[in-house]
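The block underneath contains the structure these notes are about, expressed in structure tokens.
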Amino acid sequence: MAEEVAVGPEVVDDDPAGLERAAALLRAGGLVAFPTETVYGLGASIERPAALRRVFEAKGRPTADPLIVHVADVDAARSFAGDWPDAAQVLAERCWPGPLTVVVARPPGLDDLVCAGGSTVGVRVPAPVATRTLLTAVTAPVAAPSANRFGRISPTTAAHVVAEFGGDDVTDRPDLVVDGGPCRLGVESTVVDVTGPVPVVLRPGGVGVEDIERWLGAVEVRQRLGGAGPHVAPGGYLAHYAPSRPLVVLDAGAGTADRVVAHARSSGLGLSSLDLPGDPSAAASALYRRLRSLDEQGGGPILAELLPPGGVGRAVNDRLYRAAHGRLVVVAADDPADEVLAAVVALVGG
């Protein structure tokens, strides 16, 4: 059954009736939020320009930030792309359905909104069977960013989507939310540009850079600090995935955040530790859920610790850094808690 959610967009289960209703809405030019293994997406058919505009309006998303196109299988991706290099086929065979987006040449006639007016477009095949059934029923690719307000914490449950788009003052919201339960992975897909001679990792995600190097050879890993101009991949802004409470990231050993929070509370300051699991996969699954929970509680700054950078840990660290708006404190093992706390307070201006 669909989970209990607050007032907002209507929610349906990912059963045949719910999926057919969602597909009919997408075909007619509606907005539908749907689950993937990474986060929930806010989808519109690429054949409905007005619906694509609604995606940007509902999120408050700048048009310089491109969308990812979701299709049901590898054949659909290959047919959609303007060009399909060998590297795209290798990655598709290794990773799809799954959390990897390949950036390829855009096809003729694709609306500029999908790819920020650029010459390339990101495409992927999501893992959930129900979502791929939905995409097949739409009969056209579906462009979808995460189903949240721009720059805010990505949603990993249907309730998160409703919370983002609930309230009487909302001027635009999804016409329907498909509830597929909690997202298994919990952070966005890895994005790899395969249009040049050397593949470029534009965004770390659920597929590790180490695996991509093993399959394709040498790759470039690009620093994701995009400016105001059009971007090649989504999520390139420094301030992104952010809670309302200020977040500060500690480059420190495990347990440092708890130590600093304990010291702060003994001094009468309200800090919280994000307290992610040490295992990178478990940390990815918990990241956005825990950020949302702490944000709802309110209070002072949140402290988080970087993970070892291998595999999905690289993606978690990337999301933490952006959620913190770049606020990072490097901590040595013997740094006193009061000195670390002073550095944190200086960064958040409190």
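The values are calculated or read from the model by the stated rules, or taken from the named source; none is laboratory data. On a predicted model such as this, the values are computed, not experimentally measured, just so you know. With ideal geometry, Cβ positions are generated from the backbone for all residues, glycine too; neighbour counts draw on all protein chains shown.
Hey, any hits in region 256-273 for a residue that's closer than 21 Å to residue 203 by Cβ, crowded, with 21+ Cβ neighbours inside 10 Å and out of contact with any helix residue (DSSP H, G or I) (no Cβ under 8 Å at 6 or more places or on another chain)?
no
Just checking, which of 178, 138, 192 is over 20 Å from the mean Cα position of the chain (by Cα), of a type outside the set (Lys, Arg) and modelled with pLDDT of 95 or more?
On inspection, the qualifying residue turns out to be 138.
On the basis of being closer than 25 Å to residue 204 by Cβ and either within 20 Å of the chain's Cα centre (by Cα) or of a type outside the set (D, E, K, R) (or both), does residue 43 make the cut?
Against the criterion (closer than 25 Å to residue 204 by Cβ and either within 20 Å of the chain's Cα centre (by Cα) or of a type outside the set (D, E, K, R) (or both)), residue 43 qualifies.
List the residue pairs whose Cβ atoms are under 9 Å apart, where the first residue sits in region 46-69 and is in contact (Cβ under 8 Å) with a residue 12 or more places away in the chain and among the basic types (Lys, Arg), the second is surrounded by fewer than 18 Cβ atoms within 10 Å (Cβ to Cβ) and assigned to a helix (DSSP H, G or I), and the two are 6 or more positions apart or on different chains.
Listed pairs, sorted by first residue: 48/27.
Name the helices (runs of 4 or more DSSP H) wholly within region 1-91 that hold at least 1 residues that are more than 29 Å from residue 108 (Cβ to Cβ) and touching a strand residue (DSSP E or B) at 6+ places or on another chain (Cβ under 8 Å)?
The qualifying helices (runs of 4 or more DSSP H) are 16-27.
Name the single residue, out of those in region 68-99 being buried (at least 22 other Cβ atoms within 10 Å of the Cβ) and under 17 Å from residue 211 (Cβ atoms), that is nearest to the chain's Cα centre (by Cα).
It comes out as 99.
Return yes when residue 114 is closer than 12 Å to residue 36 by Cα, surrounded by 22 or more Cβ atoms within 10 Å (Cβ to Cβ) and either aliphatic (A, V, I, L, M) or outside the structural domain of residue 62 (by TED's automatic domain parsing) (or both) and no when it is not.
Here the answer is no, as residue 114 does not meet what is asked.
Within region 205-321, which helices (runs of 4 or more DSSP H) (wholly inside it) include 1 or more residues that are outside the structural domain of residue 94 (by TED's automatic domain parsing)?
Answer list for region 205-321: 256-266, 280-297.
Output the residues belonging to region 136-153 that are touching a Leu at 6+ places or on another chain (Cβ under 9 Å) and crowded, with 18+ Cβ neighbours inside 10 Å.
138, 141, 142, 143, 144, 145, 146, 147, 148, 153
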